[in-house]
Amino acid sequence: MSERTGIITFKGNPFTLLGPEIKVGEKAPDFVVVDNGLAAVTLASSAGKIRVISAVPSLDTPVCDSETRRFNQEAAGLPGDVLVLTISLDLPFAQKRWCGAAGIDKVITLSDYRERSFGQNYGVLIKELLLLTRAVFVVDANDIICYIQIVPEVTNEPDYAAVISAVKQLL
């Protein structure tokens, strides 16, 4: 598996990402994650939809909490053919509990804990922590990657306006 350095820091310290560098215009890699009911979910599970895929280290941290709440608000203003998926390595039970407590009803939380295939296939698995780095991918209805944002400092939030702008260009 390829290793990439010089892309992210966590609290100012450099870390290594595992997996390939994904580029805009490429076909989105497949993955197998699980939903809050432990059912397998793949990229094909949402075929024909525009997807905002937000990778976060853990919903139980302040920045991930804030980010997922913000995407939940943004999703409320998007048409039904746009899905917002948040993927972390949190266990599905913890994700479900967190969503209930936070009132998250528009974002679909998914767990990469079993295979880490999302993290590895999208090049966002942090080698040293075995967590996902903070990143956002916009995938169109034809499974083409249209936008990528790897947040350079993991403890910072993404540029929400840029993500929503990328989605609106596909509508």
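Check region 3-168 and count each lysine pair with an alpha-carbon distance under 16 angstrom, considering only pairs eight or more places apart or from different chains. Write out the running numbers ahead of the final one.
Details: 11/127; 27/49; 49/106; 49/168; 96/106.
Close lysine pairs under the 16 Å cut-off: 5.
Highest mean first, how do 75-83, 102-110 rank when packing is the count of other Cβ atoms within 10 Å averaged over residues?
Working: 75-83: 13.7, 102-110: 17.9.
Per-residue Cβ counts within 10 Å, averaged per peptide and sorted highest first, yield 102-110, 75-83.
Hey, what number do you get for the chain at 222 nm if only DSSP H runs of n ≥ 4 count, each worth -39500 (n - 2.57), divided across all residues, to the nearest 500?
On the way: 4 runs with 40 residues, N = 171.
Estimated from H runs of four or more residues: -7000 deg cm²/dmol.
Cα gyration tensor of region 8-88, axes a ≥ b ≥ c as square roots of the eigenvalues: rounded (a/c below 1.5), prolate (a/b > b/c) or oblate? Could you put the intermediate results ahead of the total?
Working: a/c = 1.58, a/b = 1.20, b/c = 1.31.
Here region 8-88 falls in the oblate category.
For the chain, what is the relative contact order in percent, using Cα pairs closer than 8 Å and at least 6 residues apart in sequence? Write down the numbers at each step before the final one.
Details: 370 pairs, mean separation 53.5, N = 171.
Relative CO of the chain lands at 31 percent.
Considering the chain, what Rg and Dmax in Å follow from its alpha-carbon atoms?
Here Rg and the maximum Cα pair distance are 14.5, 40 Å.
Suppose we keep just the DSSP beta bridges with both residues in the chain; what percent of those would be antiparallel, to 5?
Numbers: 24 of 36 bridges.
Looking only at bridges with both residues in the chain, the antiparallel portion is about 65 percent.
Just check region 109-171 against the gyration tensor rule for me: Cα atoms, a ≥ b ≥ c as the square roots of the eigenvalues, rounded for a/c under 1.5, and otherwise prolate or oblate depending on whether a/b exceeds b/c. It would help to have the intermediate numbers written out before the result.
Working: a/c = 2.57, a/b = 1.45, b/c = 1.77.
Verdict is oblate for region 109-171.
What FRET efficiency do you get for residue 105 and residue 21 if R0 is 25 Å and r is their Cβ-Cβ distance, rounded to the nearest 0.05?
Values: r = 34 Å, r/R0 = 1.36.
Working from the Cβ atoms, E equals 0.15.
Where a number appears in this text, it was derived from the coordinates with a stated rule and is not lab data. Bear in mind that the values here come from a model prediction, so they are computed numbers and not experimental data. Glycine also receives a Cβ, built like all others from the backbone with ideal geometry; neighbour counts cover every protein chain displayed.
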